[in-house]
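The values are calculated or read from the model by the stated rules, or taken from the named source; none is laboratory data. Remember, predicted model here, so these are calculated numbers, not experimental data. Glycine also receives a Cβ, built like all others from the backbone with ideal geometry; neighbour counts cover every protein chain displayed.
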Amino acid sequence: MTNIKKLLYLNRNSAIISLVAILLPILGSVLSLYVIANYPEVINWIKNYPTLFFIGTAFTMAVLLTPTTFIASLSGFLFGLSSIFYVVPAYVMASLFGYFIGQYLDNGKLLKSLVEVDNKEVLKNTVNSNPFWFVIFCRISPILPFGLMNIALAAFGVKIKEFITAGTIGMLPRTLLFIWVGSTAQSLLQAFETEGEGLGFKFYLTSMLIVVSSMGLIFLFKEKMKELTKGYGVLYRKIK
C-alpha cells in the first residue's frame with residue numbers, strides 16, 4: 001500500500017488525468033445519448049454524413065468525451081454490422097491522437113517513478129519483453145477504458161508500431177460484440193440497455209473477454225517474474 005501511495009504521489013498529475021479519463025467518457029456518453037434521443041434530426045444528420053460523424057467520433061474518443069463501447073453500439077444501431085469498416089479506422093485515429101497526448105503529458109515520468117517503488121521493474125520488463133501481447137490483452141478487456149489505456153500504454157513506453165497493430169487486433173472482439181448488440185436493437189435506448197432479451201449472451205461474451213484479458217496479463221507477469229527470479233539466482237551464484 002505504501003508503494004502505491006508513493007507511486008500516486010510521484011505521478012499526481014497523471015493520477016488526476018487518469019481519473020478524468022474514467023469519469024469523463026461516462027458523462028459524455030450520457031449527454032450524447034440524451035441529445036440523440038431527444039433530437040431526431042441529429043440521427044438524420046449522422047446517417048447523411050457518416051464519414052464526418054466517424055471523424056468526429058475519432059476526436060471525441062481521443063479526448064475522452066465518448067467511450068468506444070458507446071460509439072460501437074450506436075454505430076451498430078445506425079449502420080448495422082457494416083459500421084465496422086467505419087469504426088475501426090476511427091479507433092486507429094483516436095488511438096494515435098491519444099498516444100501522442102499520453103506521451104506529451106507523461107514525458108517518461110511514470111517509468112522513472114516505477115523504479116522507485118518496484119526495484120525489480122517487473123511491469124517495465126513485462127511491457128518491454130512482450131509489448132505486442134501486453135497491448136492485446138489490455139485492449140481486449142471491455143472494462144479497461146480506451147482513453148485511459150491510450151495514456152497508460154504510451155507512458156509505459158510501448159512503441160507506436162505495437163501500440164497501433166496490437167491495439168487494433170485487441171479491440172476487434174469487443175468492437176464486434178458491441179456493434180452486433182447495437183445492430184440487433186429495436187430502438188436507440190435498447191442498444192444501451194443492460195437488461196433484456198438476448199443480453200445474457202452479451203454478458204457471457206463480455207465476461208469471457210474480461211477473463212481472457214486478465215488471465216493473459218497474469219500469465220505475462222508470472223512468466224517475467226520467473227525469468228527475473230532465475231536471472232537473480234544465476235547472478236547470486238556467480239557473485240558467491
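Listed values, structure above:
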{"item": "Residue match in the range 132-153 (condition: of a type in the set (A, V, I, L, M, F, W, C), modelled with pLDDT of 80 or more and outside any helix (DSSP H, G or I))", "result": "yes"}
{"item": "Condition check for L64: surrounded by 20 or more Cβ atoms within 10 Å (Cβ to Cβ), assigned to a helix (DSSP H, G or I) and either at pLDDT below 90 or over 15 Å from the mean Cα position of the chain (by Cα) (or both)", "result": "no"}
{"item": "Given (1) touching a residue at least 12 places away in the same chain (Cβ under 8 Å); (2) more than 20 Å from G147 (Cβ to Cβ); (3) of a type in the set (S, T, Y), index of the condition Y49 fails", "result": "(1)"}
{"item": "Residue match in the range 31-54 (condition: modelled with pLDDT of 90 or more, part of a helix (DSSP H, G or I) and within 30 Å of F156 (Cα to Cα))", "result": "yes"}
